[in-house]
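K.L.:
For reference, the structure I am asking about is given below.
The values are calculated or read from the model by the stated rules, or taken from the named source; none is laboratory data. Everything quoted here is computed from the prediction, not taken from an experiment. Neighbour counts are summed over all protein chains in view; Cβ atoms, including those assigned to glycine, are modelled from backbone coordinates with ideal geometry.
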Amino acid sequence: MNKVVLIYFIGVLLISCKSKESSSKKTNIVVYELIKSEIDTVPKDNFIDFPIPELDSILPYFETSGAVENSPSERFHNPTDTGIFVFYTLFDKRKNSEYSFDEINIGRLTTHTYRKSKYGWAATDKDQTFILLHLNGQPITIGKTIQIGITFKNLIKELGKPIYQIDSTFIFLGKNKIVGQFNFNNQKLESLTYGRFNLMDEIFEIDSISRKEIIEEKLKR
């Protein structure tokens, strides 16, 4: 009788172990499938050229400026191996009475330009290249429709699918190595970072997890 009981308990133990092993394998398969789906979310041929903002439509809003760093840059797109990166702080002047205006900070623009021997640089210089734009207010528009206040649906009409999402923030990558970070609140675009970064040519070929790490490093500086 004791032998029968012993054999029974051994059988139950083996079945339990196999069941746990099978459950563990199923869990690993599910985790692997989630990782795999995360890696190949954007087909390589889905990348498109993103619009480059027109400086003439942005610079009228600048109030202050300063040098960021010399080129070449590890972070920014380098138009040449010489020159400097310049930032402009942007304000929107809105009339609040017949004689006064409110100056509302709407963001910051970074360009690549050159120091001139007599005056350094100026917003009127025509040799500037667009590099980076931070926006948290209107009325500046990127491309045809991208501006603060639009919906996500309108955004993807112009840029296609994002490459990844963190909460209500969506990251897009253009074929011309422009990265857009768009932050939404109450289903409306609240702020954005949109710029040309120093990205390797292989950025479109590597898996999306590695791509995300590289882009996050550029954005967080």
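K.L.:
Name, by its number, the condition in (1) at pLDDT 95 or above; (2) of a type in the set (Asp, Glu); (3) not in a loop (DSSP other than H, G, I, E, B) that does not hold for residue 74.
P.N.:
The one condition residue 74 does not meet is (3).
K.L.:
Can I ask one more? When you go through 164, 194, 119 one by one, which is the residue that is closer than 15 Å to residue 49 by Cα and either hydroxyl-bearing (Ser, Thr, Tyr) or not assigned by TED's automatic domain parsing to the domain that holds residue 57 (or both)?
P.N.:
Criteria check complete, one pass: 194.
K.L.:
Hey, another quick one. Within the range 192-206, how many residues turn out to be free of Cβ contacts under 8 Å to residues at least 24 places away in the same chain and among the polar types (S, T, N, Q)?
P.N.:
Qualifying residue count, the range 192-206: 0.
K.L.:
Of the conditions (1) in a strand (DSSP E or B); (2) without any contact (Cβ under 8 Å) to a residue 40 or more places away in the chain; (3) among the aliphatic types (A, V, I, L, M), residue 189 fails just one. Which one is it?
P.N.:
(2)
K.L.:
Testing residue 85 on (1) modelled with pLDDT of 95 or more; (2) outside any loop (DSSP other than H, G, I, E, B); (3) surrounded by fewer than 18 Cβ atoms within 10 Å (Cβ to Cβ), one condition comes back false. Which one is that?
P.N.:
Residue 85 satisfies all of (1) modelled with pLDDT of 95 or more; (2) outside any loop (DSSP other than H, G, I, E, B); (3) surrounded by fewer than 18 Cβ atoms within 10 Å (Cβ to Cβ) except (3).
K.L.:
Can you go through 151, 169, 110, 145 and tell me which one is in contact with a Gly (Cβ under 9 Å, 6 or more places away or on another chain), modelled with pLDDT of 95 or more and not hydrophobic (A, V, I, L, M, F, W, C)?
P.N.:
On the way: 151 fails: in contact with a Gly (Cβ under 9 Å, 6 or more places away or on another chain); 169 fails: in contact with a Gly (Cβ under 9 Å, 6 or more places away or on another chain); 145 fails: in contact with a Gly (Cβ under 9 Å, 6 or more places away or on another chain).
Selected residue: 110, the only one of 151, 169, 110, 145 that is in contact with a Gly (Cβ under 9 Å, 6 or more places away or on another chain), modelled with pLDDT of 95 or more and not hydrophobic (A, V, I, L, M, F, W, C).
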